[in-house]
Amino acid sequence: MKPGYGYLLLAIESLGTTPHKILLKGPKLFSNPSVQSIQPGNNYRLMPVPAGRYYFSQVHNDGKKEEAAYWDILNFDYYVDVKADTISYSGHFISEMYSEQEVDFVYRNRSSQAYEYLRGCCFETVKRYPLSFTGSYPDPFLDFLKQNDQAVKP
């Protein structure tokens, strides 16, 4: 990994209509990652990005309509602080889109699900880089999981 970079673990749960794309705003010019190919249910992406704060910015509709629509995310609590040489997770972004008039976005800590995903997909990365919860409050449960996980202890 490049110096000054960390891993951003994005966790997105899609309920109802699946978004076509979700955009984030990063701390630097051209550090605005997006997530596409979102499936119904839980989706995870692990991306190396420059360290800094990333905000959820926009959710785009399913992309099949003539007129593209998107919703701006104005809640500044929906962010991930990416630390260098670390896997950073701050919560699941939950998209509930049932019609163009009935849309809701929430952010929930589901660190145990995120940890299980990482152990299954990226075991060597988890052993090499520590997982850090960077939400707006401490998460002692994630530390408990890591301390009691015999599989990742040296």
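The values are calculated or read from the model by the stated rules, or taken from the named source; none is laboratory data. Note that the coordinates shown come from a computational prediction; the quantities given were computed from them, not determined experimentally. Heads up, the Cβs are rebuilt from the backbone with ideal geometry, glycines too, and the neighbour counts pull from every protein chain shown. Ligands, DNA and RNA are stripped out before the accessible areas are found, and what is left, the full protein with its side chains, is counted by its heavy atoms. Shrake-Rupley method; radii C 1.70, N 1.55, O 1.52, S 1.80 Å.
Springs between alpha-carbon pairs under 10 angstrom, Gaussian network model over the chain: which of Tyr55, Tyr98, Tyr129 fluctuates most?
Highest fluctuation among the options: Tyr98.
Using the reciprocal of the averaged 1/r over all distinct C-alpha pairs, how large is the Kirkwood radius of region 12-65 in Å? Before the final figure, lay out each step's value.
Details: mean 1/r = 0.0834 Å⁻¹.
For region 12-65, inverting the mean 1/r across all distinct Cα pairs yields 12.0 Å.
Applying a 10 Å radius around every beta-carbon, put 102-114, 136-148 in order of their mean neighbour count, most first. Can you show the working numbers first?
Details: 102-114: 16.0, 136-148: 12.5.
Peptide ranking by packing, descending: 102-114, 136-148.
With Kirkwood's inverse mean 1/r over C-alpha pairs for Rh, give me the Rg to Rh ratio of the chain, two decimals please.
Working: Rg = 15.8 Å, Rh = 16.1 Å.
Ratio of gyration radius to Kirkwood radius: 0.98.
Rolling a 1.4 angstrom probe over the protein chains, ignoring ligands and nucleic acids, what is the accessible area of Thr86 in square angstrom, nearest 10?
Surface open to solvent at Thr86 totals about 20 Å².
Quick one: which residues, 5 or more positions from Ser88 or on another chain, have an amide H under 5 Å from its amide H? H modelled 1.01 Å from N in the peptide plane, none for Pro or chain starts.
For Ser88, whose amide H was placed from the backbone, the distant partners under 5 Å are Tyr7, Leu8, Leu9, Lys83, Ser132.
What number, rounded to the nearest 500 deg cm²/dmol, is the helix-based mean residue ellipticity at 222 nm of the chain, given -39500 (n - 2.57) per DSSP H run of at least four residues and division by all its residues? Could you put the intermediate results ahead of the total?
Details: 3 runs with 25 residues, N = 154.
Per the formula, -4500 deg cm²/dmol.
Heavy-atom accessible area per residue, the chain, 1.4 Å probe: how many Å²? Display every interim value, and only then the final one.
Working: 8560 Å² over 154 residues.
Dividing the accessible area of the chain by its residue count gives 56 Å².
May I ask you to derive the relative contact order of the chain, considering only C-alpha pairs under 8 Å and at least 6 residues apart, and to give it as an integer percent?
On the way: 315 pairs, mean separation 37.8, N = 154.
Averaging sequence separation for qualifying contacts and normalising by length gives 25 percent for the chain.
Starting from the 7 Å offset along Cα-to-Cβ, what nm value, one decimal, do you get for the label separation of Lys25 and Phe123?
Calculated label separation equals 4.1 nm.
Using alpha carbons only, how many degrees (0 to 90, rounded to 10) separate the axis of helix 111-121 from the longest principal axis of the chain?
Once rounded, the angle reads 80 degrees.
Report the residues of region 21-43 in range of a label on Arg108: point 7 Å along Cα→C-beta, backbone N strictly under 19 Å from it.
So the set is 39-43.
In a shell of Cβ-Cβ distance under 13 Å around Glu116, excluding Glu116 itself, what net charge do Lys and Arg (+1) and Asp and Glu (-1) give? It would help to have the intermediate numbers written out before the result.
Working: positive: Arg110, Arg119, Lys146; negative: Asp149.
Neighbour charge sum, excluding Glu116 itself: +2.
About its Cα centre, what dipole magnitude does region 5-151 give when the only charges are +1 on Lys and Arg Cβ and -1 on Asp and Glu Cβ, stated in debye to the nearest 20? Please report the intermediate quantities before stating the final value.
On the way: 14 positive and 17 negative charges, 122 e Å.
Dipole about the Cα centre, nearest 20: 580 debye.
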